[in-house]
Structure formats: C-alpha cells, structure tokens
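There's a structure below that I have some questions on.
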Amino acid sequence: MREFFHTFFKGDTVIWVITFLLLGFSLLSVYSFVPILVKIEGGTPFKYLFKHFIYVILSVVAMTWIHRRDPALFSKTSRFLFYVAIALLIFTFFFGVKVNDAGRWIRIPFVGLTFQSSDFAKLALIIYTSRLLSRKQKVLDSWKEGFWPIMLPIIIICGLIVKDNFSTAAMLFAISLSLLFIGRVPIAKLATLIGGGILLFSLIIVVHKAAPGLNLLPRYETWENRLLNSYKNTEDIVANAQSMNAELAIYNGGFFGQGVGDGKLKEYIPEAYADFYYASFVEEFGMISAIILCLVYLILLFRIIRIALKSDKLFETYLVLGIGILILSQACVNMLVCTGIFPVTGQNMPLLAMGGSGLIMTCASLGIVQSIARRQQKETKKLADENILTHDN
C-alpha cells in the first residue's frame, strides 16, 4: 500500500495525508451542515453531498495531474494564465450570474455548475507576481523598471474583483503586498502605494456617496452595514443575525461538541457549510476539535514553508510561500468572522467547505506545491545516487 501511494502521489507525504483527511472529513461535515440549504433551495442532503463529492473527485484529479508537471511550466504559462484571469473577470463583470446583487459566478453550460472567476484569478496572480519578482530582483529599487511592472497586474486583478467581492480583493491585495515584502521590494515604495491606495479608495467612496446615480460601488451599503454591525454594539437582531447565531453556535459547542448531525443553530446560519463553516464545526465537534483543526492548518503551512525554503529557485520559493499564505489567510478569515472578530465576508474554509471552484483551485494550488516538492525529491535522489557512485569508485 505504501509503495502504491508513493508511486502515484509524489512530493510531500504529510501534505497529501492532510489533504485527503480534510477532503474526506468534508464529506461528513457538508452532509451535516446543509439543512439550511435544503430549507432555502429544496432538495435533500444527499443531493448536495453528491454534488460536493463530484467536486472532491475533480479536485483530487486536478491536484494529481498538476503535481506531475514540471514546475518550469508554471513560470512559462504565468503570463497566459494572467490574461485568462483578466478575461474571465471581465466576462463575469458583464455576464456573471448574480447572487445577492453580486455577479461573481460563471455558469458552466450543460452541467449546471458554477465557477467563481476570482478563485482562478487569485492563483493566476500569485503565479505571475512570483515570476515577475524573481526576474526583476536587480531593479526593484526602480519605480519604472521594477516596482510598477510588478504592481500593475496586482492593481488590475484586485480592481476587477473589488466591485462585487471587496473582501476577496482586499485579502488578495494584502497577500500580494506580503509577497512583495518577502521579495525584498523596498518598504518605502510599499508604504507609498498603501497610502495612495487608501486615498484613492476614499475618493471613490466620496464620489459614490455624492453621486449615487453613478453606482460606482453597487455593494458599498452592504460593506458598510457589515462593518458597522460588526463593530457597533447594536441591538438590531435582524442585522446581526448571522454573526450572533455563529457566536451562539460556537458557545453551544462547548469542549466536546453536540455530536455529528446534532447541531441546532446550523439550521439558522446562512452558508453554514461555507462562509460560516467554522461555527458549525465547533458546534458539532467542540472546541478541542477546533484547536486540532487549527494545528492541522499550521502543520500544512509549516510543510509548505519547508518546501519553499528548500528550493534553489526564487520563483518557486515565492510561488510556494504565496500559496501557503493564501490558504492560511482564508482559513484564518473564516475563523475570525465566525468568532465575531472580523465583519462578515465570503471566505470559505479551505478543503472543508462545500465544494466549488474554490475547492478545485485550492487543490490545484497544492498540486503546484507538490510539483515543486517532487522536483526536489528527484534532485535529492540524483545527488544521493551520484554520491554513492563516487564513493564506490
């Protein structure tokens, strides 16, 4: 069995084990957390479980296929992936499927499934930014030759996402800045950019409020209400229903949880299987299990960082670190929203929330990490064999 596993699944064994464990557990938890979806959209829990199972299979296939590719391919195709991401975001802008006034999804013909273009754009931007950082190390002090050529793709992608998904755009922008910091972009330039960005966004908000007919930020009122409801101690139960129920679910879980399928508040939490996954998880599995879950994500991050630091190529190091930061950020935001520390956003729990494009792209990202780990294993084995031959001679 061990030889079979190592034959088909190269790279870091711990990452494979964590991925399969979380995906397997997601089948149980999603089946348990979908009563609210059944209540709103109809159907049966098994219907949504089967749909999620299809996404899990697609995710595993994507991860397995990608991890067998040469890491150099990701660098070579990074610009193409970036252009595809822009095209998908523009298409979504005009023809996307709208849910709650947000057009974030593209409906795939004939199969009845939807794809969130920003999920693909996040990975494409990290790949392209990593390539640019590795190629422009010597000119990062130059605004014209180094900084702006790296920064403009980030601004374009985040600008196309922000209209309908502010939280994703803000998180992706912060991750990109973290990657630039790791890539040794001068802090003064980053500070100047952040200050200019804050002023520009403030100006857009002022114009939106002064001329609402322009509809520059169609979801601004939603963002404002979420922020105010989160940090104001308001007694508006309707406005705070999501956050209050999520916090009550965590409290109701106690140390050991209510048991699988026995959670009650999950039936009143919108997106209990996705945006509020952590609250539903704690209610049914308890605080001890929640701590274990946090440790699992930290172990996953540690293994990813280990692969990044082991690489002898800057592109691979930046790419792997960017993917690790992205996955951990999504998990942290989901937890912070459920515990009431962050305002409500639309970030799912990686590898655990009900499947969709986010699940597929997370596994694709891990496939890239494993591809780089696989190359490192090959080189290590080659060096070991050469040392043996040299010793024998």
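Looking at PHE255, PHE201, which is the one that is in a loop (DSSP other than H, G, I, E, B), at pLDDT 70 or above and either exposed (fewer than 14 other Cβ atoms within 10 Å of the Cβ) or not charged (D, E, K, R) (or both)? Break it down stepwise before answering.
Values: PHE201 fails: in a loop (DSSP other than H, G, I, E, B).
Result: PHE255 is the single residue among PHE255, PHE201 that is in a loop (DSSP other than H, G, I, E, B), at pLDDT 70 or above and either exposed (fewer than 14 other Cβ atoms within 10 Å of the Cβ) or not charged (D, E, K, R) (or both).
Test each condition in (1) crowded, with 24+ Cβ neighbours inside 10 Å; (2) assigned to a helix (DSSP H, G or I) for GLY263 and report the one that comes out false.
(2)
Have a look at GLY322, GLY340 and point out the one that is on the phi > 0 side of the Ramachandran plot, out of contact with any His (no Cβ under 9 Å at 6 or more places or on another chain) and either in a helix (DSSP H, G or I) or not basic (Lys, Arg) (or both). Break it down into steps so the answer makes sense when it comes.
On the way: GLY322 fails: on the phi > 0 side of the Ramachandran plot.
One residue alone meets the criteria, GLY340.
In the list TRP16, TRP65, which residue meets the criterion of being aromatic (Phe, Trp, Tyr), assigned to a helix (DSSP H, G or I), farther than 23 Å from SER118 by Cβ and in contact (Cβ under 8 Å) with a residue 24 or more places away in the chain? Walk me through how you get there before you give the answer.
Details: TRP65 fails: farther than 23 Å from SER118 by Cβ.
Answer to the check: TRP16.
So ARG184 ticks every box in (1) assigned to a helix (DSSP H, G or I); (2) loosely packed, with under 14 Cβ neighbours inside 10 Å but one. Which box is left unticked?
(1)
List the residue pairs whose Cβ atoms are under 7 Å apart, where the first residue sits in the stretch 247-272 and is touching a residue at least 60 places away in the same chain (Cβ under 8 Å), the second is among the aromatic types (Phe, Trp, Tyr), and the two are 6 or more positions apart or on different chains.
Listed pairs, sorted by first residue: LYS266/PHE33; ILE269/PHE276; ALA272/PHE33.
Still on this structure, please answer the following. All but one of (1) over 24 Å from PHE276 (Cα atoms); (2) without any contact (Cβ under 8 Å) to a residue 24 or more places away in the chain; (3) not polar (S, T, N, Q) hold for LEU49, so report the exception by its number.
(1)
When the residues of the stretch 98-146 are filtered to those that are among the hydrophobic types (A, V, I, L, M, F, W, C), assigned to a helix (DSSP H, G or I) and more than 24 Å from ALA87 (Cα to Cα), which remaining residue is modelled with the lowest pLDDT?
This residue is TRP143.
Given PHE53, PHE46, which one is among the aromatic types (Phe, Trp, Tyr), closer than 18 Å to MET349 by Cα and at pLDDT 85 or above? Spell out the reasoning first.
On the way: PHE46 fails: closer than 18 Å to MET349 by Cα.
After ruling out the rest, the residue left standing is PHE53.
Continuing with this model, one more query. Test ILE127 against the criterion of being over 24 Å from the mean Cα position of the chain (by Cα) and surrounded by 13 or more Cβ atoms within 10 Å (Cβ to Cβ), and give yes or no. Give the derivation first.
Working: over 24 Å from the mean Cα position of the chain (by Cα): no; surrounded by 13 or more Cβ atoms within 10 Å (Cβ to Cβ): yes.
No; evaluated as a whole, the condition is false for this residue.
Now for a different question. What residue, of THR339, THR317, is more than 27 Å from ILE57 (Cβ to Cβ), surrounded by fewer than 21 Cβ atoms within 10 Å (Cβ to Cβ), of a type in the set (Ser, Thr, Tyr) and more than 18 Å from the chain's Cα centre (by Cα)?
Numbers: THR317 fails: surrounded by fewer than 21 Cβ atoms within 10 Å (Cβ to Cβ).
Just one listed residue meets the conditions, THR339.
Another question, then. Check off (1) surrounded by fewer than 16 Cβ atoms within 10 Å (Cβ to Cβ); (2) in contact with a Leu (Cβ under 9 Å, 6 or more places away or on another chain); (3) modelled with pLDDT of 85 or more for ARG68 and give me the number that stays unchecked.
Among (1) surrounded by fewer than 16 Cβ atoms within 10 Å (Cβ to Cβ); (2) in contact with a Leu (Cβ under 9 Å, 6 or more places away or on another chain); (3) modelled with pLDDT of 85 or more, the lone unmet condition for ARG68 is (2).
So how many residues does the stretch 266-297 have that are out of contact with any Lys or Arg (no Cβ under 9 Å at 6 or more places or on another chain), at pLDDT below 85 and assigned to a helix (DSSP H, G or I)?
Total meeting the criteria: 2.
Do you know which residues across the stretch 280-309 are touching a residue at least 60 places away in the same chain (Cβ under 8 Å), within 12 Å of MET335 (Cα to Cα) and not hydroxyl-bearing (Ser, Thr, Tyr)?
PHE281
Within the stretch 343-362, how many residues turn out to be outside any loop (DSSP other than H, G, I, E, B), out of contact with any Leu (no Cβ under 8 Å at 6 or more places or on another chain) and of a type in the set (A, V, I, L, M)? If you could, list the steps in order and put the result at the bottom.
So in the stretch 343-362, the residues outside any loop (DSSP other than H, G, I, E, B) come out as 357-362.
Filter again for out of contact with any Leu (no Cβ under 8 Å at 6 or more places or on another chain), leaving 357-358.
Now drop any that are not of a type in the set (A, V, I, L, M), which leaves none.
Here the count works out to 0.
Right, next: From the list ILE269, ILE291, ILE327, pick out the single residue that is surrounded by fewer than 24 Cβ atoms within 10 Å (Cβ to Cβ), within 22 Å of VAL30 (Cβ to Cβ) and over 20 Å from the mean Cα position of the chain (by Cα). Outline the logic, then answer.
Values: ILE269 fails: surrounded by fewer than 24 Cβ atoms within 10 Å (Cβ to Cβ); ILE327 fails: over 20 Å from the mean Cα position of the chain (by Cα).
Unique residue meeting the criteria: ILE291.
The values are calculated or read from the model by the stated rules, or taken from the named source; none is laboratory data. The structure displayed is predicted, hence computed values, not measured ones. Note that each Cβ is placed from the backbone with ideal geometry, even for glycine, and that neighbours are counted across all protein chains shown.
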